[in-house]
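The values are calculated or read from the model by the stated rules, or taken from the named source; none is laboratory data. Note that the coordinates shown come from a computational prediction; the quantities given were computed from them, not determined experimentally. Cβ placement follows ideal geometry from the backbone for every residue including glycine, while neighbour counts extend to all protein chains displayed.
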Amino acid sequence: MSILYLLIPLSLVLLGLAVWAFFWAVKHDQFEDLEGPAHRILFDEDENDLTADERRRRREATSDATERPDEAARRNDDAER
């Protein structure tokens, strides 16, 4: 019976923390868009949705990331000449 003197206040403190966490999440817009991420995973980014300039930039960015460092250095040397 004496354990209730510890458990009841402890449960009230935990309840208070849970209520505070809920209101903090609501205040900081954590529940703003619940369905967006679930739907976003179903749609693949299609190259046809991009403009020609955006496609070119994306292609250059991926080719720069995949090329070897010695190729990049050689290309930079050629550009300086």
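A few remarks follow.
- Failed criterion for G16 (all others in (1) modelled with pLDDT under 95; (2) surrounded by 10 or more Cβ atoms within 10 Å (Cβ to Cβ) hold): (1)
- Scanning region 1-29 for residues that are among the polar types (S, T, N, Q) and not in a helix (DSSP H, G or I) yields a single hit, S2.
- At least 2 residues being loosely packed, with under 10 Cβ neighbours inside 10 Å and modelled with pLDDT under 65 is the threshold, and among the helices (runs of 4 or more DSSP H) wholly inside region 36-81 those reaching it are 69-80.
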